[in-house]
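Data block below; observations after.
The values are calculated or read from the model by the stated rules, or taken from the named source; none is laboratory data. These numbers come from a predicted model, not from an experiment. Here the Cβ is made from the backbone with ideal geometry for all residues, glycine too, and neighbour counts use every protein chain on show. Heads up: the accessible areas ignore ligands, DNA and RNA and are worked out on the full protein's heavy atoms, side chains in. Shrake-Rupley method; radii C 1.70, N 1.55, O 1.52, S 1.80 Å.
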Amino acid sequence: MLLVYCPYCGVSRPETEFSCRGEAHIARPADPAQTSDEDWVNFLYMRSNTKGVYVERWRHIHGCGRFFNAVRNTVSDDFLKFYKAGEPMPDLEELAKEAGK
Amino acid sequence: MSQPFRTEKGGRIDRSEQFTFTFDGEEMQGHKGDTLASALLANGIHLVGRSFKYHRPRGIVTAGSEEPNALVGIYRNGDQTPNLRATQVELYQGLEAISQNRFPSLGFDVGAVNDRLSMFFPAGFYYKTFMWPKSFWDKVYEPVIRAAAGLGKPPKNPDHDSYGNLYAHCDVLVAGSGPAGLSAALAAAESGAKVILCDEQSEFGGSLLTEANASIDGMAPSDWVAETIARLGAMDNVTLLPRTTAFGYFAHNYIALAERVTEHLASPDPKLPRERLWQVRAKEVVIASGAIERPMVFPENDRPGILLAEAGRTYLNRYGVKVGHKVVVATACDTAWQAAFDLDDHGVEIAAIIEMREVPPESLVAIAKARGIRVEAGCVITGTLGRKRIKSALLGRLMTSGQVASGGQVECDALLMSGGWTPTVSLYSQSRGKVVWDADSGAYVPGKSVQKERSVGGAKGLYGLQATLEDGYAAGEEAAKAAIGTSKKVTYAAASGGEAGEGGTLGALPHDRNASKVKAFVDYQNDVTAKDVKLAVREGMQSIEHIKRYTTTGMATDQGRLSNMNALQIASGALERPVTDVGLTTFRLPYTPTTFGLFAGVARGDFFDPVRKTPSHDWVVDNGGVFEDVGQWKRTWYFPKSGEDMHAAVARECKTVRESVGLFDASTLGKIEVVGPDAAEFLERMYTNPWKKLAPGRCRYGLLLNDAGFITDDGVIGRLADDRFHVTTTTGGAPSVFATMEDYLQTEWPDLDVWITSTTEQYAVAAVQGPKAREVIAPFIEGIDLSNEAFPHMSVKEATFCGVPCRLFRISFTGELGFEINVPRRHGKMMWETLAKEIEKHDGTSYGTETMHVLRAEKGYIIVGQDTDGTVTPQDAGMTWAIGKKKHDFVGKRGLERPDLVSENRKQFVGLLTKDPKVKLEEGAQITTAENPATGTPAEGHVTSSYFSPALDRTIALAVVKNGHALDGKTLYVPMPDRSISVEVTGPVFYDKEGARINV
Ligand SMILES: [Zn+2]
């Protein structure tokens, strides 16, 4: 069971308190009407599904209820960073390099 | 004579306390401190089971949890637990054990004919046999294989034991309490770390309890263990868990331990659980799981009386049991020589030491010589004789040519073997570490740590008492330092004796026997021979993972801890590839077999899943209502009057609602309070419908899509004030709708000033439906003019019900005049009882979900999740009226414009009427254009809802059919196994098509 840190509550808690909501930083297009079919389908369905460092949305569903983001290595399951929704995506290469040290 | 194989003295058993136990009904004696295995051996019993495939007689091989043969059933409290390892079952007064996999008895087993027919059971026989011919499957294979398969018999009754579960956090978890584990625990604990030390055995000490010829700090190893455990036990920061197996190593240093709490006791406290699951989050882990000895793969190496050398030593030194009176020791490594010497010390005749190595260490040979023990170096065992117990061993001399020359027979009643040692890397492997090949020791050892763990001692291929102790201390200090930032250098104990020794062999041994006739077992429990592994390679298996599955080697309960390395070597030879190129199979959890009870814990019976009840529950029980489960909810299905079956009850309920009035509990519907200055804007974006112009006091049906454009939920939404909406959802959709709203609100539109709150549990809801609904509620409602003009269909208002604040909706899911009254949940019972009494005055009825379904189907109202399946759009459902045409955006709007969603040939929601009004279609049945379509013809759609309609006095159905909206009046077919049913396509509204009945 993973240990997940909620950046809003400031605590680490077992995975069962949270729900994972898939890849992060996939914004709903600002003007759907002006979005092409292809772009809309990419928004709906296409995910990078990375083997390695991956950015995910998590929700502290049985805690504060907030959504936040986490960088996880999908091979080792190690979390490299947790940050609040709305904060920019960190430099993944940099994070991976740090974690590799 | 009782216990003829018990030593005169020594061992850790309590000779003053004698227990009587039975094995297959035969009464025997043992002592406190015995395992079932040691007690059986003390009584001279080696034959304890029959093998899985060939039903060969099998004896105890090991003294630990890796035991492949000695699987027994234990009777307790009137039921039997199968497949327990006799080597782990602690003896108690009155223990009842039975052998397994034999019929009619262990001594005479008819299944043993399989051994003679073994040419029909080659590697991969499961795959080969079942290929041909098809009819053989039900008639021959299945009954025969089912009867023969498996080892023990499953218990017959529900598990009467209870199981505990607890979470624990620690700085350092030490798994295993041999020399390395104990010293690691001591060093970590002295450093101030919070330590959990667990060991699968009943006593701490591991190999130290077997070590008779060494000393630590001048003490006997077992005394040092006692002193160390006393020291650890006196520390507040240490938790000691004997009989506790670390069986699973998960991500983020999360380790699962299985503690056996009561099974070793004759009459345990009934309040205690049988087992306890410890879910431990450890900052650092020390894996001190040790190493286990490898069997030697020679012909007939499975005869009862053949054990691992270290097991023989353990039975002697720890349990005071001699494995035989005349013992052959066959080995390729130094450590087994000590077994011979220890047995010799207890007066056991050592028939010979058969040493595979041409030149064993001189020092050992000298000791053997001094003791007068015959030593045959450069020799192997090439076979054994004896029916149910070894009688003699065949000797083979290894020639320089690579051939084996017969070296005669050696009589014996037991044989101890050692092919060397294999580090137990299971936990490391479970932690996702990759093992690496260590050519020096000829073993796979832990590689780089992936998690916060380190392996110590035998678990990493490090042997020798002093070295192991030091390794443990260092690891304990290191783990403490990593976990709590400090460590204390403890005084290392000084050991003498317990040398590491050298040597070892892998794979099948050479012999001079007819290779096609003899069986040399690699995996005892699954009956896999060296020949099977070679055959698998000949038949094209290249990867060890394929060989494993084809032969089932390593797939037994020890997960190949005994067999893997030998199988690997044999495969490597057959493939003519180095062993490192063949690969190693993965060790998976659980480390040893683990009960389902442990995983289930208290989550069984009433605690399996929460039950959600509405405030009418007790009244429904008292009045004979029948419940159905809807998710976790108990909902009333129907209310039968005496003598009524379901059909009759539902027909009466439907008729009564349409003619007078019905009362329905709608409390389970999801409710969400949406509040804030941007509440209308938020709903405008979430739902297809327009909300901004909805006046306070009015309701609207809301349709919710996902961004792909498919219907996901629906419900009536009432506007109570400019900034306050009462949203209802389907019963099942409540949590997901709430989560979806939170998602959009938090992550896509954080600019909106809106609060949403789940209020499902806050309200009890009574639906009063039917022409007399107004008369029924009028006496109790204050603050609202209920007339059709003042409070028309789709109105909502706050009022009081019997003086209790309520939200009154005028809405209908039946097509009749209807109201839904929401009161605070604590008043729900009062409301229900009040209304139930009142409807009687109007010849009304309570009704359940089945009637609700029929009434709504007569009106063509969809049920999301029944009439829709996640691929239905509002257009498909004929609900374009619910879409706000002028809206620039809402969730799903863009999705709806996708080419596939506006193309031809989509399945559309329609009604179906069978030509024969009595025939009721089956929900889920497929619909075709041909009356008797050829096999493989794709269906045009399927039936989603089907009922008998009392109002129409005939059956009705709802369906999704390709281009259904254009097929009105056309005939289609629903082919069933016995006939094809013809149906006419209609609109989905069957009753009161104008909707006049709602507006009265
Ligand atoms: Zn939180």
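Students sometimes get this wrong: rank B:PHE710, B:PHE890, B:PHE813, B:PHE108 by accessible area, probe 1.4 Å, all chains present, largest first.
Putting B:PHE710, B:PHE890, B:PHE813, B:PHE108 in descending order of accessible area: B:PHE108, B:PHE813, B:PHE710, B:PHE890.
In the stretch B:294-342, what percent of the accessible surface is made up of carbon and sulfur (1.4 Å probe, ligands and nucleic acids excluded)?
Ligands and nucleic acids excluded, carbon and sulfur give 43 percent.
May I ask for the distance between the Cα centers of the stretch B:19-57 and the stretch B:977-992, given as a whole number of Å?
Measuring centre to centre over Cα atoms gives 69 Å.
Taking both sides together, what accessible area is buried at the B/A interface, probe 1.4 Å, expressed in Å² and rounded to the nearest 100?
Using a 1.4 Å probe on protein heavy atoms, the buried area is about 2300 Å².
What net charge is computed for the residues neighbouring B:LEU972, neighbours being all others with C-beta under 9 Å from the C-beta of B:LEU972, Lys and Arg scored +1, Asp and Glu -1?
Spelling it out: positives minus negatives among the neighbours equals -1.
Which loop-located trypsin sites (Lys or Arg not before Pro) does the stretch A:6-95 contain, where loop means any DSSP state but H, G, I, E or B and the Cβ has at most 11 other Cβ atoms within 10 Å?
A:ARG47, A:LYS51
Only Cα pairs under 8 Å and at least 6 apart count here; give the relative contact order of chain B as a rounded whole percent.
9 percent
For chain B, what is the percent of antiparallel DSSP beta bridges, rounded to the nearest 5?
75 percent
Return one whole number: the accessible area per residue of the protein assembly as shown in Å², for a 1.4 Å probe.
Ligands and nucleic acids excluded, the result is 42 Å² per residue.
Enter the mean number of other protein chain beta carbons within 10 Å of the beta carbon of each residue in B:246-252, as an integer.
3
Averaging the inverse of every distinct alpha carbon separation and then flipping it gives the Kirkwood radius. What is it for the stretch B:897-999, in angstrom units?
With all distinct Cα pairs of the stretch B:897-999 included, I get 14.3 Å.
Residues with amide H under 5 Å of B:LYS194's amide H, sequence separation 5 or more or different chain, H placed in the peptide plane at 1.01 Å from N; which?
Those qualifying (amide H under 5 Å, at least 5 residues apart or on another chain) are B:ASP171, B:VAL172.
Averaged across the residues of B:732-740, what count of C-beta atoms belonging to other chains lies within 10 Å of each residue's C-beta?
Other-chain Cβ atoms within 10 Å of each residue's Cβ, averaged: 1.
Which three extents, in whole angstrom, do the alpha-carbon atoms of the protein assembly as shown cover along their principal axes, largest first?
116, 68, 59
Roughly how many whole Å is it from the C-alpha centroid of the stretch B:502-575 to that of the stretch B:181-222?
35 Å
How would the stretch B:582-741 be classified by its alpha-carbon gyration tensor: rounded, prolate or oblate, with rounded meaning a/c under 1.5 and the a/b versus b/c comparison settling the rest?
Cα axes put the stretch B:582-741 in the oblate bin.
How many nm separate the modelled label positions at A:THR74 and A:THR50, each set 7 Å beyond the Cα in the direction of the Cβ?
Once both label points are built, they end up 1.0 nm from each other.
How charged is the neighbourhood of B:ASP471? Take every other residue with its Cβ under 10 Å from the Cβ of B:ASP471, and add Lys/Arg as +1 and Asp/Glu as -1.
Here the charged neighbours net out to +1.
Within the protein assembly as shown, which cysteines find no other Cys whose Cβ is under 4.7 angstrom from their own?
A:CYS20, A:CYS64, B:CYS170, B:CYS198, B:CYS333, B:CYS379, B:CYS412, B:CYS654, B:CYS699, B:CYS802, B:CYS806 - these cysteines have no disulfide-compatible partner (Cβ-Cβ under 4.7 Å) in the protein assembly as shown.
Calculate what fraction, in whole %, of the accessible area of the stretch B:391-538 sits on carbon and sulfur atoms when a 1.4 Å probe is rolled over the protein chains.
Roughly 50 percent, rounded to a whole number.
Applying a 10 Å radius around every beta-carbon, put B:7-15, B:420-428 in order of their mean neighbour count, most first.
B:420-428, B:7-15
If each DSSP helix of 4+ residues adds -39,500 (n - 2.57) and the sum is divided by the residues in chain B, what number results at 222 nm, nearest 500 deg cm²/dmol?
-6000 deg cm²/dmol
Over the alpha carbons of the stretch B:521-605, what is the largest minus smallest coordinate on each principal axis, giving the biggest first in Å?
For the stretch B:521-605, the Cα extents along the three principal axes come out at 55, 23, 20 Å.
Loop only per DSSP, at most 16 neighbouring Cβ atoms within 10 Å: give me the GluC sites (Glu not before Pro) in the stretch B:905-1000, ordered by residue number.
Answer in residue order: B:GLU922, B:GLU923, B:GLU931, B:GLU994.
Distance check, please: which entries in B:LYS887/B:LYS920; B:LYS641/B:LYS920; B:LYS885/B:LYS907; B:LYS153/B:LYS448; B:LYS885/B:LYS993 exceed 32 angstrom between their Cα atoms?
Violating the 32 Å Cα-Cα cut-off are B:LYS887/B:LYS920; B:LYS153/B:LYS448.
Please give the net charge around B:MET794, taking every other residue with its beta carbon less than 9 angstrom from that of B:MET794, where Lys and Arg add +1 and Asp and Glu add -1.
+3
Which order do the peptides B:172-182, B:57-67, B:828-838 come out in when sorted by mean C-beta neighbours inside 10 angstrom, highest first?
B:172-182, B:57-67, B:828-838
Threshold 40 Å², probe 1.4 Å: give the residues of the stretch B:886-920, in number order, that are less accessible with all protein chains present than with their chain alone.
Buried by the other chains: B:HIS888, B:ASP889, B:ARG894, B:ARG898.
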